[in-house]
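Undergrad: The following block contains the structure, expressed as structure tokens.
The values are calculated or read from the model by the stated rules, or taken from the named source; none is laboratory data. Given the structure is predicted, the values throughout are model-derived calculations rather than measurements. Note: ideal-geometry Cβ built from the backbone for every residue, glycine included; neighbour counts use all protein chains shown.
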Amino acid sequence: MDFYHFAKSVVWGLLKPLYRLDVKGTEHFPETGGVLLCTNHISLLDPPTVGITAPRPVNFMAKAELFEAPVLKSLLPGLHVFPVKRGLSDRTAVRTALGFLKEGQVVGMFPEGTRSKDGTLGKPMSGAGFFALKGGDAVVVPCAVIGEYKPFRKLKVRYGKPIDMAPYRERRASADEVAEVIMEHIAKLIEEENRPKKA
């Protein structure tokens with residue numbers, strides 16, 4: 001067992017009972033090929049939560065400052081985390097993310113770019129659309145974290161069906177349009193889960 005899977009099992013053992021994680025939709029997750037995993041963002045705990053519930057290893061971007069700490073600098077690469085310089089056009093981070101997608105790996109991204117203060121979905125940034133369009137044959141898998149990170153209160157994680165990017169690439173859709181499409185799929189997951197159940 002490599003460090004990533006060891007850490008995943010440890011974090012799962014901690015978060016699963018603490019937040020009563022309820023995970024559904026993982027059967028939609030492609031077993032192979034590039035995947036841009038796009039999720040709403042409600043907490044700093046979203047990356048580990050998504051990382052331990054996704055069926056495949058997820059590569060996440062993290063602000064470059066974290067890599068300046070000696071311990072984190074050694075640990076983060078083993079957790080499939082790579083640095084990005086915030087507020088700048090970081091070409092190295094962009095190339096790294098696109099490289100992962102074209103190699104058939106999974107890249108995790110939060111289209112909103114920042115955490116929602118009240119849990120509602122914010123407006124997506126164009127970055128998610130850019131990576132979705134430029135990621136080779138990668139598909140987009142929408143994901144929604146629903147609830148609050150309160151101990152022993154159920155937290156739901158829902159994975160949706162892959163979004164085929166081929167039609168958008170063929171007609172050269174804009175990054176903004178695709179980002180909006182991705183957010184619509186995430187919103188649908190949340191709406192379906194919050195819809196009153198029939199008796």
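Undergrad: Specify which of the listed residues (Gly99, Gly122, Gly135) is touching a Gly at 6+ places or on another chain (Cβ under 6 Å), farther than 22 Å from Ile52 by Cα and not aromatic (Phe, Trp, Tyr).
TA: Details: Gly99 fails: touching a Gly at 6+ places or on another chain (Cβ under 6 Å); Gly122 fails: touching a Gly at 6+ places or on another chain (Cβ under 6 Å).
Gly135 is the lone residue from the list that is touching a Gly at 6+ places or on another chain (Cβ under 6 Å), farther than 22 Å from Ile52 by Cα and not aromatic (Phe, Trp, Tyr).
Undergrad: Within segment 169-180, is there a residue that is buried (at least 19 other Cβ atoms within 10 Å of the Cβ), modelled with pLDDT of 95 or more and under 29 Å from Arg20 (Cα atoms)?
TA: Looking through segment 169-180, none of the residues is buried (at least 19 other Cβ atoms within 10 Å of the Cβ), modelled with pLDDT of 95 or more and under 29 Å from Arg20 (Cα atoms).
Undergrad: Is it the case that some residue within segment 6-13 is within 16 Å of the chain's Cα centre (by Cα), surrounded by 20 or more Cβ atoms within 10 Å (Cβ to Cβ) and either modelled with pLDDT of 95 or more or not β-branched (Val, Ile, Thr) (or both)?
TA: For segment 6-13, residues within 16 Å of the chain's Cα centre (by Cα), surrounded by 20 or more Cβ atoms within 10 Å (Cβ to Cβ) and either modelled with pLDDT of 95 or more or not β-branched (Val, Ile, Thr) (or both): present.
Undergrad: Looking only at segment 93-116, how many residues end up being surrounded by fewer than 21 Cβ atoms within 10 Å (Cβ to Cβ) and within 11 Å of Leu36 (Cα to Cα)?
TA: Of segment 93-116, the ones surrounded by fewer than 21 Cβ atoms within 10 Å (Cβ to Cβ) are 93-96, 98-99, 102-105, 113-116.
Among the residues that remain, those that are also within 11 Å of Leu36 (Cα to Cα) are: 98, 102, 104-105.
Within segment 93-116, residues that are surrounded by fewer than 21 Cβ atoms within 10 Å (Cβ to Cβ) and within 11 Å of Leu36 (Cα to Cα) number 4.
Undergrad: Next up: Would you tally the residues in segment 87-98 being at pLDDT below 85 and within 21 Å of His5 (Cα to Cα)? Spell out the reasoning first.
TA: Within segment 87-98, the subset at pLDDT below 85 is 87-90.
Those left that are additionally within 21 Å of His5 (Cα to Cα): none.
Total satisfying the criteria: 0.
Undergrad: If I filter segment 72-86 for residues that are modelled with pLDDT under 90, closer than 21 Å to Asp2 by Cα and hydroxyl-bearing (Ser, Thr, Tyr), do I get at least one hit?
TA: Yes, segment 72-86 has at least one match.
Undergrad: Any idea which of Val23, Val50 is within 22 Å of Ile182 (Cα to Cα), in a helix (DSSP H, G or I), of a type in the set (Val, Ile, Thr) and in contact with a Ser or Thr (Cβ under 9 Å, 6 or more places away or on another chain)? Break it down stepwise before answering.
TA: Numbers: Val23 fails: in a helix (DSSP H, G or I).
Sole residue among the options that is within 22 Å of Ile182 (Cα to Cα), in a helix (DSSP H, G or I), of a type in the set (Val, Ile, Thr) and in contact with a Ser or Thr (Cβ under 9 Å, 6 or more places away or on another chain): Val50.
Undergrad: I'd like the full set of residues that are in contact (Cβ under 8 Å) with a residue 60 or more places away in the chain and closer than 12 Å to Met183 by Cβ, limited to segment 124-138.
TA: Going through segment 124-138, the residues in contact (Cβ under 8 Å) with a residue 60 or more places away in the chain turn out to be 128, 131-132, 135-138.
Within segment 124-138, Ala128, Ala132 meet the criteria.
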